[in-house]
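Remarks on the structure that follows.
The values are calculated or read from the model by the stated rules, or taken from the named source; none is laboratory data. Everything quoted here is computed from the prediction, not taken from an experiment. When we count neighbours, we look across all protein chains shown, and the Cβ atoms used for this are built from the backbone with ideal geometry, even at glycine. Only protein heavy atoms, including side chains, enter the accessible area calculation; ligands, DNA and RNA are left aside. Shrake-Rupley method; radii C 1.70, N 1.55, O 1.52, S 1.80 Å.
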Amino acid sequence: MMKDIQFSYAKAVSAEAVAAYQAQVATAQEQLVNGTGLGNDFLGWMNLPADIRPQLADIQATADLLRKECEVIVCIGIGGSYLGAKAVIDALSSSFAWLEGEKPAMVYAGQNIGEDYLYELQALLKNKKFGIISISKSGTTTEPALAFRLLKTQLEEQQGKEAAKQLIVCITDAKRGALRTLATQEGYKTFVIEDNIGGRFSVLSPVGLLPIACAGLDICALIDGAERMMEVCGIHTPMEENPAAQYAAARNHLYGVQGKKIEMLVNYHPKLHNVSEWWKQLYGESEGKDGKGIFPASVDLTTDLHSMGQYIQEGERILFETVISVEESNYTVPFPHDEANLDGLNFLAGKRVDEVNKMAELGTMIAHIDGGVPNMKITLPKLNEYYIGQLLYFFERACGISGYILGVNPFNQPGVEAYKKNMFALLDKPGYEVESAAIKARL
């Protein structure tokens with residue numbers, strides 16, 4: 001039987017402090033399961049690991065077709081529409097996939113409005129057979145819509161309109177929206193983003209699973225891990241055995257009682273960088289509202305010890321760390337002996353590089369705890385699809401519980417619309433004439 005990921009808060013808060021949240025955790029879990037809390041129309045992610053299974057064969061078959069036909073696959077989306085897929089793909093693929101010529105290459109668009117980025121992407125795709133996965137519930141979000149229009153046009157010019165149709169997959173609303181309308185008109189293959197699943201909770205839906213499968217990863221194992229964690233973190237698991245409940249309680253205690261305003265997600269494995277980026281959106285967008293919320297930040301260690309390490313060790317005591325530790329590396333690299341020993345590192349000869357990294361991890365945690373930075377720890381037995389699936393669902397379930405303890409709606413994002421209104425007004429979008437005049441007067 002496979003092990004589960006483990007969570008420890010012993011170096012951050014007391015067991016008594018966590019236990020004090022038992023009633024609040026129970027209420028939050030009941031709200032999630034029974035759909036009685038704020039944002040209860042966005043709880044489709046709760047049972048998604050089980051609910052998605054009937055679609056896995058279709059998702060895999062579509063991915064296999066794209067993998068067979070394409071040199072490059074472009075995943076178009078922004079926020080939750082691409083961060084989850086990129087997090088998993090980067091965590092489980094070769095660090096040097098590009099240089100190794102791995103096919104198809106996975107690239108991303110629609111996550112920015114960078115003209116140089118899009119020019120360089122189009123130049124890369126010139127004379128290459130590429131496919132497009134366009135992810136947008138509405139089809140009108142500026143960044144992905146702009147990228148899709150550019151790349152669809154290029155694909156049709158390079159392959160012909162009829163051939164291009166076989167290389168475009170749209171993941172969008174079931175019935176409405178610009179992308180759904182276009183996909184129906186053109187006959188594109190589609191998958192549905194269910195109305196009750198928000199973008200940042202969509203990684204275990206076709207939104208994340210299709211790009212992940214296109215990268216050649218095992219989506220069945222990913223879902224197996226997520227479904228196992230759905231059971232582990234469920235409402236009937238006692239709090240002392242429930243890692244999501246403990247994490248939600250501990251971080252709320254650190255924020256509300258100890259005054260820690262910043263949580264830093266820390267990893268000691270370079271492939272986990274984009275897991276942190278996904279996590280930052282999940283928690284920042286879910287909890288940062290109503291004048292409340294822990295600010296989610298991240299560091300890649302040991303790399304960032306040479307940049308952010310000084311602040312973490314001796315700066316203002318407003319932060320705590322949650323460390324993701326990978327117990328067993330996938331490969332073995334022994335450290336060599338050198339006769340000259342000019343670098344003075346012969347004392348490490350014969351040790352595995354991972355052993356050096358683990359001691360750096362342990363030494364840093366001790367130093368930061370001594371410096372007044374509480375540390376919690378999430379341990380993954382290994383970096384593979386099963387445990388990444390567990391990690392994703394663990395964070396999602398804990399986020400729902402934590403948001404309800406905090407007293408906010410974890411499933412809306414009203415603040416995201418402010419910049420869009422200003423941008424449309426400045427661009428003179430039809431229908432924004434009054435706003436355009438007002439904002440230009442301010443300038």
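Taking residues in region 61-85 that are touching a residue at least 40 places away in the same chain (Cβ under 8 Å), and partners anywhere that are open to solvent by 60 Å² or more (accessible area, probe 1.4 Å) and outside any loop (DSSP other than H, G, I, E, B), the pairs with Cβ atoms closer than 8 Å and at least 6 places apart or on different chains are THR62/LYS189; ILE73/ARG67.
The lone criterion from (1) more than 19 Å from the chain's Cα centre (by Cα); (2) crowded, with 24+ Cβ neighbours inside 10 Å left unmet by MET229 is number (1). Taking first residues from region 278-294 that are closer than 23 Å to TYR82 by Cα and partners that are open to solvent by 30 Å² or more (accessible area, probe 1.4 Å), the Cβ contacts under 6 Å between residues at least 6 apart in sequence or on separate chains come to GLU285/GLN413. If you go through region 181-192 and keep only what is farther than 20 Å from ALA63 by Cα and in contact (Cβ under 8 Å) with a residue 40 or more places away in the chain, you end up with THR181, LEU182. Look at (1) of a type in the set (Phe, Trp, Tyr); (2) without any contact (Cβ under 8 Å) to a residue 24 or more places away in the chain; (3) within 22 Å of ALA23 (Cβ to Cβ) and you find that TYR419 fails only one, number (3).
Condition first: part of a strand (DSSP E or B) and surrounded by fewer than 18 Cβ atoms within 10 Å (Cβ to Cβ). Can you find one or more residues in region 309-327 that meet it? Within region 309-327, one or more residues are part of a strand (DSSP E or B) and surrounded by fewer than 18 Cβ atoms within 10 Å (Cβ to Cβ). Residues considered: LEU427, LEU380. Of these, the only one that is farther than 22 Å from GLY80 by Cα and surrounded by 11 or more Cβ atoms within 10 Å (Cβ to Cβ) is LEU380. Sub-7 Å Cβ pairs linking a first residue in region 386-415 that is modelled with pLDDT under 95 to a second residue that is open to solvent by 10 Å² or more (accessible area, probe 1.4 Å) and in a helix (DSSP H, G or I), at least 6 apart or interchain, are GLN413/GLU285, ordered by first then second residue. Counting only helices (runs of 4 or more DSSP H) wholly contained in region 329-443, the ones carrying 3 or more residues that are within 23 Å of ALA245 (Cβ to Cβ) and among the aromatic types (Phe, Trp, Tyr) occupy 385-406. Check region 273-287 and report whether any residue there is more than 13 Å from the chain's Cα centre (by Cα) and of a type outside the set (S, T, N, Q). Yes. List, please: which pairs have Cβ atoms under 8 Å, are six or more places apart or on different chains, and start with a residue in region 303-325 that is at negative phi and end with one that is open to solvent by 60 Å² or more (accessible area, probe 1.4 Å) and in a helix (DSSP H, G or I)? Listed pairs, sorted by first residue: THR303/PRO270.
Suppose the filter is in contact with a Cys (Cβ under 7 Å, 6 or more places away or on another chain) and more than 30 Å from LEU348 (Cβ to Cβ); does ARG442 pass it? No.
Residue by residue, here is whether (1) of a type outside the set (Phe, Trp, Tyr); (2) under 19 Å from VAL275 (Cβ atoms) holds:
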residue	(1), (2)
GLU385	yes, yes
TYR393	no, yes
ASN422	yes, no
LEU427	yes, no
LEU443	yes, no
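Taken over region 328-352, the criterion of being touching a residue at least 24 places away in the same chain (Cβ under 8 Å) and either among the aromatic types (Phe, Trp, Tyr) or open to solvent by 70 Å² or more (accessible area, probe 1.4 Å) (or both) is satisfied by GLU328, ASN330. Scanning region 64-104 for residues that are in contact with a helix residue (DSSP H, G or I) (Cβ under 9 Å, 6 or more places away or on another chain), farther than 29 Å from GLY284 by Cβ and not charged (D, E, K, R) returns LEU66, CYS70, VAL72, PRO104.
Quick grid of which residues meet (1) part of a helix (DSSP H, G or I); (2) in contact (Cβ under 8 Å) with a residue 60 or more places away in the chain; (3) within 18 Å of the chain's Cα centre (by Cα):
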{"position": "PRO144", "(1), (2), (3)": "yes, yes, yes"}
{"position": "ARG149", "(1), (2), (3)": "yes, no, no"}
{"position": "ALA164", "(1), (2), (3)": "yes, no, no"}
{"position": "ARG176", "(1), (2), (3)": "no, no, no"}
{"position": "GLU194", "(1), (2), (3)": "no, yes, no"}
{"position": "GLY216", "(1), (2), (3)": "no, yes, no"}
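A single member of GLN55, GLN22 is touching a strand residue (DSSP E or B) at 6+ places or on another chain (Cβ under 8 Å) and open to solvent by 30 Å² or more (accessible area, probe 1.4 Å), and it is GLN55.
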